1. Any chance you could count how many residues in the range 96-134 are touching a helix residue (DSSP H, G or I) at 6+ places or on another chain (Cβ under 6 Å) and modelled with pLDDT of 80 or more?
2. Could you look through the range 245-265, keep only residues that are part of a helix (DSSP H, G or I) and within 13 Å of Ile220 (Cβ to Cβ), and pick out the one that is modelled with the lowest pLDDT?
3. Could you look through the range 64-92, keep only residues that are closer than 20 Å to Thr106 by Cα and either buried (at least 20 other Cβ atoms within 10 Å of the Cβ) or at pLDDT below 85 (or both), and pick out the one that is farthest from the chain's Cα centre (by Cα)?
4. Where residues in the range 224-246 are touching a Ser or Thr at 6+ places or on another chain (Cβ under 9 Å) and of a type in the set (A, V, I, L, M), which of them is farthest from Leu184 (Cα to Cα)?
5. What are the pairs, 6+ residues apart or on separate chains, where a residue within the range 318-344 that is within 14 Å of Arg293 (Cα to Cα) has its Cβ under 6 Å from a residue that is among the small types (Gly, Ala, Ser) and part of a helix (DSSP H, G or I)?
6. Out of Val297, Val270, which single residue is out of contact with any helix residue (DSSP H, G or I) (no Cβ under 7 Å at 6 or more places or on another chain), among the hydrophobic types (A, V, I, L, M, F, W, C), in the same structural domain as Gln321 (by TED's automatic domain parsing) and closer than 18 Å to Leu320 by Cα?
7. Could you say whether any residue in the range 282-300 is surrounded by fewer than 20 Cβ atoms within 10 Å (Cβ to Cβ), at pLDDT 90 or above, over 27 Å from the mean Cα position of the chain (by Cα) and more than 15 Å from Cys223 (Cβ to Cβ)?
Amino acid sequence: MPSTTNPKPVQSAPPEILIPDCCNVGVMFRALVAVNGVVLAVILFQGNQANGLQGFLDAAILIEPACLASLLALCGLRTAIDRGVFPRSAAWLQRTLCVLVPAAITGAMIRYLLSGPAFQNAFRMLTAEQGMWVAAGFGLVLQHYFELRARAFSPVLSEARLQALQARIRPHFLFNSLNAVIALIRTEPRQAENTLEDLADLFRVLMRDTRELTSLEEEIRLCRQYLSIEKLRLGERLQVKWTATNISDKLLTKARFPQLLLQPILENAVHYGVEPMPGPALIEVELTRNNDRIEIVVTNALPDPNQSGPEAKAGNHMALQNIRERLALLYDVEATLSAARKDGKFVVQLQLPYVRGA
């Protein structure tokens, strides 16, 4: 007899956040350049160059604080929605807020400036109502632009791009690790079991959606698992030193970090710095928090340049370039990755914003 139990309804995904990420420096820079550029062009078109520049300087008294206040207000609103303080509203309501917030702030600022005699002459050609309409137009256009830009990177294009750029463990790493486990099964079965568990964790993370962020603590734990597997093969040749400055246990659990971002940098150091060395080679990992930024520096010794062929050098730069492109997709201009040879060592410096989780 067929079951009469009703299937559980499929829960629909929460509405997408369409308010631009105005906390991002790149978004703020693009918005400020667009608004100032349009206003300057309109003023220059209406008068001669000398009067136009003076008019733009007078208008900047209103433009800059109105733009910054609107961006900060939308930044706080998006953050509150993202953290669940406010429910995720329908798309039309979010778009409307992107129009109303700049309009309200601009109108309030014009009324405040007109109340003082010092600025009455500067804004005699623009009433509060007109300023609100102009700000609403900018809000509408910029929201539409950033929404289209976000769609260009996600979900289909961004997902394919991130999957292509995500850190991938070298294929022969798996075979080397399995061979090391086979050698340990009879002599040290417990260590062999731990190594297989570490391998399972690595590949489990590799299968996740790389657009999601994990905690910095989880990323470091994964890196330690990776290094413990490599140490089976390299033995005492692989030496690792971890140091932390202004990094508390609470920060490690709260800080959001891209999955498999630090691991490929360490893999690079192992592959191009430790493997070619005949003796012990040290990898240094320094973690530092500076205000609202996290800096990670990975340093490894370099082998004799005569022993490093052009293929190894090219592979090194290709891996780092992939990480740079992934950072650009995730953080725009707020994250940087630099690499340089210094005093016989290879130094990779990663800087990204401190994003605190819930």
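1. The number of residues fulfilling the criteria is 14.
2. The extreme case among them is Gln263.
3. Of everything passing the filter in the range 64-92, Ala66 is farthest from the chain's Cα centre (by Cα).
4. Of everything passing the filter in the range 224-246, Ala244 is farthest from Leu184 (Cα to Cα).
5. Filtered contacts from the range 318-344: Val333/Gly26.
6. Working: Val270 fails: out of contact with any helix residue (DSSP H, G or I) (no Cβ under 7 Å at 6 or more places or on another chain).
Val297 is the lone residue from the list that is out of contact with any helix residue (DSSP H, G or I) (no Cβ under 7 Å at 6 or more places or on another chain), among the hydrophobic types (A, V, I, L, M, F, W, C), in the same structural domain as Gln321 (by TED's automatic domain parsing) and closer than 18 Å to Leu320 by Cα.
7. Yes: one or more hits.
The values are calculated or read from the model by the stated rules, or taken from the named source; none is laboratory data. All of these numbers come straight from a predicted model, not from anything done at the bench. FYI the Cβ positions are ideal-geometry reconstructions off the backbone, even for glycines, and counts take in every protein chain you see.
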